[in-house]
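> The structure follows.
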Amino acid sequence: MHTREKKKILAVVDDLLFTVKISDAAKRVGLDVQFLKSEHDVLEKAKHEKPLLIILDLNNNSVEPLELITKLKGDGHLKGISLIGYLSHVQGELKQKAHEAGANIVMARSAFSQNLQQILKRHAGVV
């Protein structure tokens, strides 16, 4: 890869454990991760930074996750950005709604955590 800037991902995560896991995994595969707290910030950064991936905790209280997914996927300039959401494995209805809103991948927290390194490698093109 001959880009001067690090490839970026955005994360809408307020859980400290997942913040650390995502940061560590991103560093290992050469990605720069930016954690955001508001819908406005996510939409603005996505437009200006063109991230490879947006990670969204579907239980995040600082944003309305389904609304955010709908706005991201409804914008012609942003709909091509991969969006991965994660949630508790017992939240089948929320998982279905996130898929309907346009999330590319929705997975259980445990699976996301376990496969995080591979997910980021795939998006970074490091496979």
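> Suppose we keep only residues that are assigned to a loop (DSSP other than H, G, I, E, B) and within 14 Å of the chain's Cα centre (by Cα) within the stretch 1-28. Which one would you say is modelled with the highest pLDDT? Walk me through it before giving the result.
Going residue by residue through the stretch 1-28, those that are assigned to a loop (DSSP other than H, G, I, E, B) are 1-6, 13-15.
Cutting the leftovers down to within 14 Å of the chain's Cα centre (by Cα) gives us 13-15.
Numbers: 13: 95, 14: 90, 15: 92.
It comes out as 13.
> While we're here: Restricting to the stretch 97-118, name every residue that is in a helix (DSSP H, G or I), touching a strand residue (DSSP E or B) at 6+ places or on another chain (Cβ under 7 Å) and surrounded by fewer than 20 Cβ atoms within 10 Å (Cβ to Cβ). It would help to see each step written out before you state the result.
From the stretch 97-118, those in a helix (DSSP H, G or I) are 97-101, 109-118; that's our starting set.
Adding the requirement that they be touching a strand residue (DSSP E or B) at 6+ places or on another chain (Cβ under 7 Å) leaves 98-99, 109, 112.
Within the stretch 97-118, 99, 109 meet the criteria.
> Listed residues 94, 56; which is touching a helix residue (DSSP H, G or I) at 6+ places or on another chain (Cβ under 9 Å), surrounded by 13 or more Cβ atoms within 10 Å (Cβ to Cβ) and farther than 18 Å from residue 34 by Cα? First the steps, then the outcome.
Details: 56 fails: farther than 18 Å from residue 34 by Cα.
None of the others qualify; the one that does is 94.
> Residue 42: at pLDDT 95 or above, touching a helix residue (DSSP H, G or I) at 6+ places or on another chain (Cβ under 9 Å), more than 16 Å from residue 120 (Cβ to Cβ) and surrounded by 14 or more Cβ atoms within 10 Å (Cβ to Cβ), yes or no? Don't jump to the end; show me each part of the working.
On the way: at pLDDT 95 or above: yes; touching a helix residue (DSSP H, G or I) at 6+ places or on another chain (Cβ under 9 Å): yes; more than 16 Å from residue 120 (Cβ to Cβ): yes; surrounded by 14 or more Cβ atoms within 10 Å (Cβ to Cβ): yes.
The answer is yes for residue 42.
> Out of the residues in the stretch 16-39 that are of a type in the set (Ser, Thr, Tyr) and over 17 Å from residue 115 (Cβ atoms), which is surrounded by the fewest Cβ atoms within 10 Å (Cβ to Cβ)?
Looking only at the stretch 16-39, we keep the residues that are of a type in the set (Ser, Thr, Tyr), and these are 19, 23, 38.
Now narrow it down to the ones that are over 17 Å from residue 115 (Cβ atoms): 19, 38.
Values: 19: 15, 38: 12.
Looking at the filtered set, the residue picked out is 38.
The values are calculated or read from the model by the stated rules, or taken from the named source; none is laboratory data. Keep in mind that this is a model prediction, so the values were computed, not measured. Glycine gets a Cβ as well: all are built from the backbone with ideal geometry, and neighbour counts include every protein chain shown.
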